Amino acid sequence: MERAKCLELIYPEIEDKLVVTIMGACAQELYDLGHRESFFYLQHAMGLASSIGLGLARHLPHEKVIVLDGDGSALMNLGTFATLARYRPSNLVHIIFDNGSLLSTGGFDSHTTAGITDLAAIARGAGIEHAVSVTETMGFGEAFVEAMERADLSVIVAHVDAVGPDIYGMDFALPENAFRFKRCVQERRAATGWKPPPRPGSVGSA
Ligand SMILES: Cc1ncc(C[n+]2csc(CCOP(=O)(O)OP(=O)(O)O)c2C)c(N)n1
């Protein structure tokens, strides 16, 4: 199974959602399908896509938040599974594309290579009830549909080939993406009539 094919399959469902993706190959493959202002391509902070997704999901309960992660990234922040399990955001879908490789930086083996480490089992052990592994594109599609329909935290570990795009390149850098993404989040939140809670000590607060 190829990650690019999985992304192509779910793109119609995620193009209007808040999406946080890891850097490198995964970001490029999503970008190549078509950039949306609601997509954030996290760079540098390897492992923290799910942490950002958790913050967004808790802050924006009316949104469905999709995190696109990698095995190398998830392994750098295993504590995220316990944190996700504890706060259990019902509107977060955490997809980990497990290619057993640090593909974007040269293709070094990760600990999931040859099935040594099972990320779905780690997620379940951390207390996440809906954590599945899939190896076929169809199975991935089904797991994704179930996760989108489920009003509960879902983790999907998709075992994919260690292949990425032939050409890398985006027409904007991290700061521009970050500013535009933040503005997009604010506009979507404002459209729901959301008002910030009064700051402690300000007029009108208890
Ligand atoms: C803290 C940190 N360490 C190292 C890097 C360099 N780096 C960027 S992408 C990457 C590999 C990511 O591997 P994985 O999450 O499995 O995704 P893949 O590239 O395989 O799609 C590395 C090591 C980084 N961005 N941040």
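Kindly indicate which of PHE97, PHE140, PHE144, PHE108 is hydrophobic (A, V, I, L, M, F, W, C) and at pLDDT below 95.
The unique qualifying residue is PHE108.
Rundown of residues vs (1) at pLDDT 95 or above; (2) more than 11 Å from the ligand (Cβ to nearest atom); (3) within 14 Å of the chain's Cα centre (by Cα), yes/no style:
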site: ASP32; (1), (2), (3): yes, yes, no
site: SER38; (1), (2), (3): yes, yes, yes
site: TYR41; (1), (2), (3): yes, yes, yes
site: GLY53; (1), (2), (3): yes, yes, yes
site: LYS64; (1), (2), (3): yes, yes, yes
site: ASP71; (1), (2), (3): yes, no, yes
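Does HIS59 satisfy the criteria of being of a type outside the set (A, V, I, L, M) and over 24 Å from GLU149 (Cβ atoms)? Spelling it out, it is not the case that HIS59 is of a type outside the set (A, V, I, L, M) and over 24 Å from GLU149 (Cβ atoms). Kindly establish whether LEU48 is among the aliphatic types (A, V, I, L, M), over 18 Å from ALA131 (Cβ atoms) and within 10 Å of the ligand (Cβ to nearest atom). Judged against the criteria, LEU48 is a match. Close contacts from region 170-199, counting a first residue that is under 13 Å from ARG36 (Cα atoms) and a second that is small (Gly, Ala, Ser) and assigned to a loop (DSSP other than H, G, I, E, B), with Cβ to Cβ under 8 Å and a gap of 6+ residues or different chains, come to PHE181/SER38; CYS184/SER38; VAL185/SER38.
Being within 16 Å of the ligand (Cβ to nearest atom), closer than 17 Å to GLN28 by Cβ and modelled with pLDDT of 95 or more is a property that does not hold for ILE122.
Where residues in region 73-104 are among the β-branched types (Val, Ile, Thr) and surrounded by 23 or more Cβ atoms within 10 Å (Cβ to Cβ), which of them is farthest from the ligand (Cβ to nearest atom)? First the steps, then the outcome.
In the first step, residues of region 73-104 are kept if they are among the β-branched types (Val, Ile, Thr); the result is 80, 83, 93, 95-96.
Subset that is surrounded by 23 or more Cβ atoms within 10 Å (Cβ to Cβ): 80, 93, 95-96.
Numbers: THR80: 13, VAL93: 17, ILE95: 12, ILE96: 8 Å.
Filtering region 73-104 for residues that are among the β-branched types (Val, Ile, Thr) and surrounded by 23 or more Cβ atoms within 10 Å (Cβ to Cβ), the one farthest from the ligand (Cβ to nearest atom) comes out as VAL93.
The values are calculated or read from the model by the stated rules, or taken from the named source; none is laboratory data. The structure presented is a predicted model; accordingly, all values stated were derived computationally and were not measured. Don't worry about glycine lacking a Cβ; one is built from the backbone with ideal geometry, like all the others, and counts go over all protein chains shown.
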